[in-house]
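Below you'll find the structure, written out as structure tokens, and then a few comments.
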Number of protein chains: 2
Amino acid sequence: MPNLLPSPNKLITTITKMTKTNPSAPYQTGVSTRLAARSQTLTTQTSGLAPSHLQANLLVLPARYAPSFRLLCRRNPVPCPLIAQSSHPGSFSQLTSYLRPTSPSNPAPIKLAWDIDLRRDAPKYIVYRDGEPVEEVHDLESHWGPDHVGFLIGCSYSFEEALSNAGLPPRHTVQGRNVAMYRTTVPLLPAGVFTGGTYVVSMRPYRVEDVERVREITRRYVATHGEPIAWGWEGMRRLGIEDIGKPDWGDVPLMGDGEGVFGEGKEDGVVPVFWGCGVTPQEAVMKAGLEGVVMGHAPGHMIVLDVKDHEVFGGAVKSR
Amino acid sequence: MPNLLPSPNKLITTITKMTKTNPSAPYQTGVSTRLAARSQTLTTQTSGLAPSHLQANLLVLPARYAPSFRLLCRRNPVPCPLIAQSSHPGSFSQLTSYLRPTSPSNPAPIKLAWDIDLRRDAPKYIVYRDGEPVEEVHDLESHWGPDHVGFLIGCSYSFEEALSNAGLPPRHTVQGRNVAMYRTTVPLLPAGVFTGGTYVVSMRPYRVEDVERVREITRRYVATHGEPIAWGWEGMRRLGIEDIGKPDWGDVPLMGDGEGVFGEGKEDGVVPVFWGCGVTPQEAVMKAGLEGVVMGHAPGHMIVLDVKDHEVFGGAVKSR
């Protein structure tokens with residue numbers, strides 16, 4: 001099933017629009033979102049759900065790969081900001097948190113969630129065997145073994161709210177679409193078994209004159225990819241992206257008026273802005289051809305946590 | 001003086017050979033090396049001096065750039081492993097250490113040196129004005145102002161000893177030469193004022209069958225660039241390096257027999273292996289065109305510290 005992962009998810013528009021336009025939308029909290037995913041009431045993507053709550057990317061590895069993966073995250077903290085992992089091999093409900101407040105008055109790690117099941121709390125998962133995606137599932141109970149270690153990676157949905165609060169809402173959120181994600185040629189720094197990987201990035205279009213402000217707003221979000229890694233059309237080419245209209249994951253990006261596909265020379269003064277993306281670890285699993293059963297969330301289908309953005313990143317992130 | 005920084009240092013061969021072949025060479029400790037540099041008795045590069053002692057790259061910035069630089073290091077920890085900084089602006093002798101043991105029994109930061117003067121303890125410095133190198137000097141006393149903040153960055157000399165102890169001595173150390181360093185096209189992830197930078201790498205040739213062992217040995221040295229970021233001739237091209245025989249800093253790399261320049265297709269089964277390099281921050285200063293007076297060590301002319309490798313990286317690093 002080589003094209004399973006890249007296939008864009010066409011189901012997201014309705015629920016995203018609903019939650020963006022309806023303040024009494026379902027799933028206002030992390031736990032209600034997780035329980036809905038756990039019962040498979042919620043099987044679609046999570047952008048806009050449980051406003052102000054941290055969401056997380058998931059990667060689940062056989063324990064023998066865990067030291068390499070921790071080192072991969074340490075060497076590549078922008079695409080792979082590790083925020084927690086299973087407390088011991090096999091554990092899907094006990095987490096060790098690495099997440100600390102950006103401006104710590106209390107430097108202790110932040111507890112992420114009080115009732116969590118990594119096997120069931122994402123609305124959709126991808127299962128890999130020997131480095132190839134083989135199945136999309138809504139729970140991992142039949143795949144998760146006593147030797148599996150789960151890792152949670154920060155997600156850029158956190159700074160999207162800050163951008164919206166500053167009057168710079170990401171276009172895909174306004175249009176009720178999923179963010180566009182791309183493979184790049186930027187080498188992920190190798191670590192142990194993880195060799196040959198490259199960055200995955202998410203893209204949001206902005207006016208050229210807003211790029212510095214966008215950089216400033218997202219800078220503090222170090223645990224959720226932080227400020228952009230590149231911007232502009234030349235920046236796009238330096239990442240090795242050839243066609244902005246053909247993302248590898250997520251939805252095709254549209255023009256500001258919603259008519260037609262976003263592209264170079266089509267929209268005066270608007271450029272693509274790129275951030276590190278938490279799909280990078282799954283790409284790294286494929287590039288490394290890891291043996292055995294590896295699992296991850298389906299792109300866009302995050303695990304929503306109890307911790308709120310402002311608890312991590314400080315008070316400037318207004319609660320909606 | 002656009003070619004000032006890249007000019008290779010031709011003075012290093014004698015002193016390096018002397019210290020490599022003579023166990024009673026001068027400067028066996030960090031403090032004796034620093035005092036020799038401070039008195040300008042030592043004005044040449046420091047590879048092989050004070051065996052087993054950590055050496056450090058230096059960058060000195062106006063205080064207004066300090067937050068951006070700390071973030072640059074946090075986002076790019078492999079080329080820019082920040083190990084200490086001035087305790088307050090203007091301080092050249094009081095340092096705040098960020099260096100912690102790899103396997104901490106005591107997680108407190110490690111004190112780096114008991115008597116240090118960042119303005120005088122490197123054998124040679126480069127002074128930049130408005131992003132351009134303008135002067136090479138042996139002390140910074142006339143340039144260091146009350147607003148300057150010094151930063152120390154880990155140096156790969158630490159793992160060179162481990163490689164030698166494992167029977168895999170870097171070729172340039174055997175030949176008594178300086179390591180070859182190269183500009184690459186790999187983007188340094190931007191942070192605040194630091195935009196447009198690219199990685200600088202150091203290169204050591206190894207036999208293909210030894211690369212995995214070389215990776216294993218250097219992996220634990222996370223505070224001094226850690227394991228390689230690329231290897232092989234294809235790896236070289238992915239870094240955007242066109243001619244391995246033309247380094248941007250350090251000495252031209254030679255064949256194993258010392259006859260002629262190392263290059264592709266010239267030496268069966270031997271490939272270049274590349275590590276992140278602490279010259280990267282100085283390259284970033286130039287690419288960002290930082291205003292005002294910035295200072296750095298001259299490549300290869302490090303500040304030698306009192307802390308020993310085994311205190312940071314554990315017991316497997318045998319003392320010579």
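Computed from the coordinates by the stated procedures, all read-outs in this text should not be read as laboratory data. None of the values given here were measured: they were computed from a predicted structure. Here Cβ is always computed from backbone atoms with ideal geometry, including for glycine, and neighbour counts include all displayed protein chains.
Mind sorting B:Met302, A:Met286, A:Met181 by how few other Cβ atoms lie within 10 Å of their own Cβ, fewest first?
Details: B:Met302 29, A:Met286 17, A:Met181 25.
Neighbour counts put them in this order, fewest first: A:Met286, A:Met181, B:Met302.
Taking every alpha-carbon pair under 8 Å whose residues sit at least 6 apart, the stretch B:163-280 reaches a relative contact order of 34 percent. Close amide H contacts of A:Tyr128 (hydrogens built in the peptide plane, cut-off under 5 Å, sequence separation of 5 or more or a different chain): A:Val134, A:Val294, A:Met295, A:Gly296. Only helical runs count toward this figure. For chain B, summing -39,500 (n - 2.57) over DSSP H runs of n ≥ 4 and dividing by all residues gives -6000 deg cm²/dmol at 222 nm. Between amide H atoms placed 1.01 Å from N, distances below 5 Å from B:Val149 occur with B:Leu61, B:Ala63, B:Gly90, all of them 5 or more places distant or on a separate chain.
Going by neighbour counts of Cβ atoms within 10 Å, the residues A:Ser47, B:Ser39 line up, fewest first, as B:Ser39, A:Ser47.
Can you tell me, using C-alpha contacts under 8 Å and at least 6 residues apart, the relative contact order of chain A as a whole percent? List each step's numbers first, then the result.
Numbers: 738 pairs, mean separation 96.1, N = 320.
It comes to 30 percent, rounded to a whole number.
At a Cβ-Cβ separation cutoff of 4.7 angstrom, cysteine residues of chain A with no neighbouring cysteine are A:Cys155, A:Cys277. Computed from phi, the 3J(HN,Hα) profile of the stretch A:251-259 under the Karplus parametrisation 6.51, -1.76, 1.60 (θ = phi - 60°) reads 9, 4, x, 9, 5, x, 8, x, 9 Hz, with x in place of Gly and Pro.
Residues whose amide H falls under 5 Å from that of A:Leu95, counting only those 5 or more places apart or on a different chain, are A:Ser87, with hydrogens built in the peptide plane.
Which net charge results when you count Lys and Arg as +1 and Asp and Glu as -1 among the other residues whose beta-carbon is under 15 Å from that of B:Asp130?
Working: positive: B:Arg64, B:Arg129, B:Lys287; negative: B:Glu132, B:Glu135, B:Glu291.
So the surrounding residues net to 0.
Rounded to the nearest whole Hz, the Karplus-based 3J(HN,Hα) values (6.51 cos²θ - 1.76 cosθ + 1.60, θ = phi - 60°) of the stretch B:72-86 follow the sequence 4, 5, 5, 7, 10, x, 6, x, 10, x, 6, 10, 5, 8, 3, with x at glycine and proline.
Using the Cβ atoms and a cut-off under 10 Å, what net charge is assigned to the surroundings of A:Gly260, where Lys and Arg are +1 and Asp and Glu are -1?
Working: positive: A:Lys266; negative: A:Asp257, A:Glu259, A:Glu267.
Net charge in that neighbourhood comes out at -2.
In sequence order, the stretch A:277-292 has phi-based couplings of 9, x, 7, 3, x, 5, 4, 5, 4, 5, 5, 7, x, 4, 7, x Hz under the Karplus curve 6.51 cos²θ - 1.76 cosθ + 1.60, θ = phi - 60°, and Gly or Pro positions carry x. Relative to one another, the C-alpha centroids of the stretch A:137-210 and the stretch A:232-253 are positioned 14 Å apart.
Once the Cβ-Cβ distance of B:Asp243 and B:Val134 is raised to the sixth power relative to R0 = 41 Å, the FRET efficiency obtained is 0.90.
Counting only other residues whose beta carbon sits under 11 Å from that of A:Cys277, what net charge do I get with K and R as +1, D and E as -1? Its environment carries a net charge of -1.
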